[in-house]
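Throughout, read-outs are computed from the coordinates displayed, never taken from laboratory work. As the structure is a computational prediction, the values presented were derived from the model and not from experiment. Ideal geometry is used to build each Cβ from the backbone, glycine not excepted, and the neighbour counts take in all protein chains shown.
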Amino acid sequence: MYFLHPPRLMSLLLCGVANAYAVPAIPPAENVVAPPPLSPSVTITTTAQKIKTASTPGHDRVQLLPADHVVAGDEIIYTLEVRNVGPTAVDNFTFTTPIPEHMVYVADSAVAPGADVSYSVDGGRSYDAPGNLKVHGANGKQRPAVAADYTHIRWIMRNRLKRGSLALARFRAVLR
């Protein structure tokens with residue numbers, strides 16, 4: 001559904017000008033499983049697009065636009081292109097993606113065919129399934145975490161990343 005337009009490189013800086021912002025950048029994905037010397041090389045490129053919905057009587061049209069400038073409430077779709085540029089296949093490749101500053105993750109939006117997804121609410125120190133995550137509420141007691149509490153996403157590729165292949169991972173977030 002969201003593969004309508006080719007992704008455009010997102011801006012790398014967050015700079016406020018009259019409530020318009022350059023898209024909050026995702027720091028480079030962190031390779032959790034460091035490849036040994038002389039092993040295949042995997043690159044990760046992140047792009048961002050703004051989701052715009054236009055309604056006409058009886059019809060909604062969803063567009064993906066360049067995310068050059070966004071305002072509070074704009075929804076952004078982040079696409080991560082995971083490419084094996086090395087000479088051999090890579091098994092169980094794992095990487096993490098921080099939720100960009102000033103952005104709120106949209107629940108259940110992280111997708112990547114052939115990957116298991118888990119989340120962190122503690123700055124990337126630990127990961128688990130959404131139903132197992134807990135945070136301290138305003139009253140100091142633990143409560144179930146909600147999507148707005150997520151700080152990082154971890155992706156574990158179940159399928160072998162073959163030489164020269166490309167895998168896509170996506171998630172959505174809203175600017176606060």
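Considering the zone a paramagnetic label at SER109 would reach in this model (a point 7 Å from Cα along the Cα-to-Cβ line), which residues of the range 140-176 have amide N under 13 Å from it?
Residues 147-150, 170-176 fall inside that zone.
Alpha carbons only, please: Rg and Dmax for the range 96-163, in angstrom.
Radius of gyration, then largest Cα-Cα span, for the range 96-163: 13.2, 51 Å.
Mind checking which aspartates and glutamates have their C-alpha under 16 Å from LYS134, skipping anything on the same chain fewer than 8 residues away?
Cross-link targets: ASP122, ASP149.
Give a quick list of trypsin sites (Lys or Arg not before Pro) in the range 67-143 that DSSP marks as loop, anything other than H, G, I, E or B, with at most 14 other Cβ atoms within 10 Å. Walk me through the numbers before you get to the answer.
Values: sites: ARG83, ARG125, LYS134, LYS141; in loops: ARG125, LYS141.
Loop-located and lightly packed - ARG125, LYS141.
Cα to Cα, under 15 Å, and not fewer than 8 places away if on the same chain: which aspartates and glutamates meet these conditions relative to LYS52?
Cα-Cα hits under 15 Å: ASP60, ASP68, ASP74, GLU75.
Length gain on complete extension for the stretch ASP116 to ASP91, per 0.36 nm per residue less the alpha carbon to alpha carbon distance? Let's see the in-between values first.
Numbers: separation 25, 0.36 × 25 = 9.00 nm, distance 1.35 nm.
Stretched out fully, the ASP116 to ASP91 stretch lengthens by 7.7 nm.
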